[in-house]
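In what follows, a single structure is set out as structure tokens and then discussed.
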Amino acid sequence: MKKIILLLALNFVVFSCKNETKTTEEKVEDVKQEMAYASFGKEINDTDALSSERMMEAYKTLKVGDTITSKVKGKIIEVCSKKGCWMTLDMGNDEEVMVKFKDYGFFMPLNAEGEVVMTGKAFVSETSVEELRHYAEDAGKTTEEVAAITDPKFEYGFEADGVLLKQ
């Protein structure tokens with residue numbers, strides 16, 4: 001009888017320890033996933049983020065003045081070298097998106113590079129021919145180069161309210 005009770009007690013201890021180990025392992029995996037990104041601005045996660053290719057498909061449907069709220073993944077091309085107050089993302093096929101941060105509320109590290117996930121509003125803007133010519137004159141372009149500007153420029157923009165930078 002003593003052997004049966006001892007065997008039951010031993011089984012109880014072994015099986016109860018085994019379950020606690022699984023819980024600890026799951027918690028460690030959750031922490032590892034959270035630490036894969038540095039977070040800036042509003043707290044977000046990386047689930048359901050559009051690829052840069054799918055986001056460009058959405059941009060193509062927008063007209064000047066339209067906005068869509070979205071979450072997108074992209075690769076950093078450049079970050080503002082003075083404050084980190086803007087960045088440009090490579091969206092594939094020689095397309096770029098200029099990203100600014102909502103209400104100037106947060107900044108990216110000056111040396112930021114790699115993959116990001118961001119949430120916010122995507123939009124398309126148009127720079128007029130007159131404005132483009134003005135910028136060209138300010139940049140010291142020749143009169144021939146300035147006169148060659150005959151079409152407005154459509155640009156893709158994004159106002160991010162939260163960004164995850166892959167570590």
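A compact table of results
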{"quantity": "Sites Glu130 and Asp48, calculated FRET efficiency, Cβ-Cβ separation with R0 35 Å, nearest 0.05", "calculated": "0.30"}
{"quantity": "Accessible carbon and sulfur surface of the range 109-167 relative to its total accessible area, %, 1.4 Å", "calculated": "48 percent"}
{"quantity": "For Thr69, net neighbour charge (Lys/Arg +1, Asp/Glu -1) across residues whose Cβ lies under 15 Å away", "calculated": "+1"}
{"quantity": "Cα centre as origin, Lys/Arg/Asp/Glu Cβ charges: the range 55-155 dipole, Debye", "calculated": "580 debye"}
{"quantity": "Along each principal axis, Cα extent of the range 118-167, largest first, Å", "calculated": "45, 22, 12"}
{"quantity": "Positive minus negative residues near His134 (Lys, Arg vs Asp, Glu; Cβ under 14 Å)", "calculated": "-2"}
{"quantity": "Percent breakdown of C-alpha pair distances by 5 Å bin, ordered from the shortest bin, for the range 45-131", "calculated": "3, 13, 23, 25, 21, 11, 3, 0, 0"}
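The values are calculated or read from the model by the stated rules, or taken from the named source; none is laboratory data. Note that this is a predicted model, so its numbers are computed, not measured. Virtual Cβ from ideal backbone geometry, glycine too; neighbours counted across all protein chains shown. Ligands, DNA and RNA are stripped out before the accessible areas are found, and what is left, the full protein with its side chains, is counted by its heavy atoms. Shrake-Rupley method; radii C 1.70, N 1.55, O 1.52, S 1.80 Å.
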